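This report concerns only the one structure given below.
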Amino acid sequence: MFCIHKFRWPNTKWQAYDQAVTGQDEEIQVPVLIVGGSLVGLSTALLLARHGVESFVVERHSGTAIHPRAGHFNLRTLEILRSAGLEETVRRKSREQYPPDGGISNVESLAGREIATYFTDLNAGVAEFSPTIRLFINQDALEPILRDRAESLGARTRYRTECTSLEQDGAGVTAVLTDVVTGARSRVRARYAVAADGNRSPVRNRLGIQMRGHGVLSNSITIYFRAERDLTPLLAGRNQGVHYVTNPVLRGFFRLDRSGNGGFLVVNLVGDTARPEIVAAYPEAPWANVADAITKDRALELLRAAIGVPGMPLVIEDIATWQAVADVADRYSEGRVFLAGDAVNGTAGPGLLATYDAERRPVGEFTVEQSYARYVTRVAPYLGTADAQPVVDDLYLELGYRYDSPAIIAEPGDDRPPHQHPRDCTGQPGSRAPHLFLDREGARLSTLDLFGGNFVLLSGARGAAWCDLGRDAARSLAVGLDAYQVADAGFCAAYGISPDGAVLVRPDGFVAWRAADATGATAEVITGVLSRVLCRANA
Ligand SMILES: Cc1cc2nc3c(=O)[nH]c(=O)nc-3n(C[C@H](O)[C@H](O)[C@H](O)COP(=O)(O)OP(=O)(O)OC[C@H]3O[C@@H](n4cnc5c(N)ncnc54)[C@H](O)[C@@H]3O)c2cc1C
């Protein structure tokens, strides 16, 4: 996901850190400060730690998430968790919480008619493209797994601590941290900061970065509840997963936990949005604001209407209010501050950091537009689809986006769209390196299992020259590179090369460059390639 290269800041003073957390007014020095210790902040700390980069996560809450919130995790996320060695742990936890391979459907109510089926099996057809699966796991179960791994790899986390000021200069970032219990302050000096501080991002606001898009779609609520009896018989054999609910009372979705005796209901809209006279009468859509003055009694009414069984004994455990927003930040970085996690490096040129915005923002925009398209087709058709993109297969979003930046050496005449089905991603520079099972001395592994650490040069069965040249060039440039000749059937076709060709895969699992055959197999070429994709000034 991120483009990360090895970096160690020689002057790291963890002693100063330790003094600071014990209350003395010392400056904390660390290569990367991460503001926000939720999914993105903890993932960033974990991925940086895997690359030997120290980070310091500050989170104003007292621990990891207390609500389930995110539950559906896509293929690319699972591929990244696999590369971090967490796939098995996460899959085990997921199985405890949800039946595997759940479906996504739209119903009048749990007990009512089915209106549409979006997926009967979340993972139908994915094995062709990925060594892993999509799954459901609640955010409050995933975050501790990320935190444990990040901390075990050396990342520091500090809770009940708010970043109350962040300034930057040419050499680094200076932040003030405030202990939310005692009010004690400490100062952090970091080379870079990652703002993983959520959709309201105080850091983004401080940097003056604007959000653009469709704006606020709904003021929603999540109702956490327990039922006296198992609700799964109401599903009448439908695969348990996500159930959108569309009826005259509300629009939203359910996620039941594995027991069937509880879970949560999200309510996005209330009122009959299918009636044009209601929509016309409320141009500001006040009926959309279910969060306004929500009470437990009202939540119970909505829950009953969504379950479709009058009088069922139910206990409301909690109600959370939140906004659905379909916006993207204007810029993903400002100087040394990166929104949502990114690259830190010692072997690359500073230009590499600028590729973060160039590569990730178009992906963010596409993802938001596709989420919006799903929202207006599944939940809020009254908004109309005139300004919505056609909905594409989820695989385009998960595995089919392509990067275009100075860290990618595009092929002449390559005018393919920036988003493709993964079956059309056959090793073109900028695309995710395809998955293919290989046999290594009797052990089966995915091509993806080779990525995540160093650069990787893969050649066809007759590409030994590329491998030798690659190793030499990497040595002379002091870049970590692993080179493999691959003889497995199907490899060359999957990566779009001949047996004499080679492909260079970045540590983030994206193809940086490709040679279809042996043409140009010289030390100058491969040295130039590595220098260019690292954005070294003399490339
Ligand atoms: C009901 C619901 C269902 C959802 N379902 C899904 C789903 O199925 N799949 C999915 O991918 N997503 C889902 N989401 C969205 C998902 O929860 C968010 O995208 C995700 O939590 C974003 O993670 P984050 O780390 O960027 O930000 P957040 O989770 O918002 O975390 C930001 C953190 O930063 C901290 N913070 C903010 N400012 C400071 C500061 N100055 N100093 C210190 N700490 C600070 C906050 O306390 C917070 O913990 C769902 C959300 C909701 C509400």
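For Thr222, Thr164, what's the largest-to-smallest order of accessible area, 1.4 Å probe?
Values: Thr222 10, Thr164 55 Å².
Greatest to least solvent exposure: Thr164, Thr222.
Its DSSP H runs of at least 4 residues, each contributing -39,500 (n - 2.57), put the calculated 222 nm mean residue ellipticity of the chain at -8000 deg cm²/dmol, to the nearest 500.
Quick one: accessible area per residue over the stretch 129-198, 1.4 Å probe, rounded to a whole number of Å²? It would help to have the intermediate numbers written out before the result.
Values: 2690 Å² over 70 residues.
Accessible area per residue: 38 Å².
For Ile115, the residues whose amide H sits under 5 Å from its own are Asn106, Val107, Glu108, ignoring neighbours fewer than 5 places away on the same chain, with H placed 1.01 Å from N. Can you give the extra length, in nm with one decimal, that the chain gains between Arg462 and Arg92 once fully stretched, where that is 0.36 nm per residue apart less the Cα-Cα distance? Going from the current span to full extension adds 129.1 nm. For the stretch 119-211, applying the loop criterion from DSSP together with a ceiling of 15 other beta carbons within 10 Å to the trypsin sites (Lys or Arg not before Pro) yields Arg160, Arg200. When Rg and the Kirkwood radius Rh are both evaluated on Cα atoms of the stretch 112-247, their ratio Rg/Rh stands at 1.07. For the chain, averaging the sequence separation of C-alpha pairs within contact (under 8 Å, six or more residues apart) and dividing by the residue count gives a relative contact order of 15 percent. The Rg/Rh ratio of the chain, with Rg taken over Cα atoms and Rh as the Kirkwood radius over Cα pairs, comes to 0.99.
For the stretch 318-409, go through all pairs of different Cα atoms, get the mean of 1/r, take its inverse, and jot down that Kirkwood value in Å. Taking the inverse mean of 1/r over all distinct Cα pairs, the stretch 318-409 comes out at 15.5 Å.
Counting protein heavy atoms only, the chain has 50 percent of its accessible area on carbon and sulfur, 1.4 angstrom probe. Proximity of backbone amide H atoms, modeled 1.01 Å from N, is registered between Val180 and Thr161, Glu162 at under 5 Å, excluding neighbours fewer than 5 places apart on the same chain. When Trp322, Trp513 are compared by accessible surface with a 1.4 Å probe, the order from highest to lowest is Trp322, Trp513. Only protein heavy atoms count here; on that basis, with a 1.4 Å probe, Glu365 has an accessible area of about 80 Å².
One Cα centroid belongs to the stretch 83-109, the other to the stretch 437-479; the line between them spans 33 Å.
Pairs of alpha-carbon atoms within less than 8 angstrom and 6+ residues apart define the contacts here; what relative contact order does the stretch 415-539 have, in percent? Intermediate results must be reported in sequence, preceding the final value.
Values: 230 pairs, mean separation 35.2, N = 125.
Relative CO of the stretch 415-539 lands at 28 percent.
Summarised in one figure, the compactness ratio Rg/Rh of the stretch 379-430, Cα atoms and Kirkwood Rh, is 1.12.
Computed from phi, the 3J(HN,Hα) profile of the stretch 392-405 under the Karplus parametrisation 6.51, -1.76, 1.60 (θ = phi - 60°) reads 9, 3, 3, 4, 4, 6, 7, 10, x, 7, 10, 8, 9, 6 Hz, with x in place of Gly and Pro. Computed from backbone phi, the HN-Hα couplings of the stretch 432-445 come to 5, 4, x, 7, 7, 6, 10, 10, 10, 6, x, 9, 8, 9 Hz, rounded to whole numbers (Karplus: 6.51 cos²θ - 1.76 cosθ + 1.60, θ = phi - 60°; Gly and Pro given as x).
If only the Cβ of Lys and Arg carry +1 and only the Cβ of Asp and Glu carry -1, the dipole of the stretch 420-539 around its Cα centre is close to 280 debye. Ordering 369-375, 36-42 by mean Cβ neighbour count within 10 Å, with the highest value first, yields 36-42, 369-375. Here the Karplus curve 6.51 cos²θ - 1.76 cosθ + 1.60, taken at θ = phi - 60°, turns the phi angles of the stretch 452-467 into couplings of x, x, 8, 4, 10, 9, 10, 10, x, 4, 9, x, 4, 5, 4, 5 Hz, with x standing for Gly and Pro. When only alpha carbons are used to place a centre, the stretch 120-146 and the stretch 490-517 end up 27 Å from one another.
With the whole protein complex present, Glu79 retains an accessible surface near 10 Å², based on a 1.4 Å probe. Rolled with a 1.4 Å probe across the full set of protein chains, the surface gives Cys492 an accessible area near 30 Å².
Given a 1.4 angstrom probe, what's the average accessible area per residue across the stretch 354-513, in square angstrom? Spell out each step's value before the answer.
Working: 6290 Å² over 160 residues.
Counting only protein heavy atoms, the per-residue value for the stretch 354-513 is 39 Å².
Under the rule a/c < 1.5 gives rounded, and otherwise a/b versus b/c splits prolate from oblate, where does the stretch 90-129 land using the Cα gyration tensor? Oblate is the answer for the stretch 90-129, as a/c is 1.5 or above yet b/c matches or exceeds a/b. The order of His72, His61 by accessible area, most exposed first and with a 1.4 Å probe, is His61, His72.
The values are calculated or read from the model by the stated rules, or taken from the named source; none is laboratory data. Computed from a predicted model, the values in this text were never measured in an experiment. FYI the Cβ positions are ideal-geometry reconstructions off the backbone, even for glycines, and counts take in every protein chain you see. Keep in mind that these areas ignore ligands, DNA and RNA; they rest on the heavy atoms of the full protein, side chains included. Shrake-Rupley method; radii C 1.70, N 1.55, O 1.52, S 1.80 Å.
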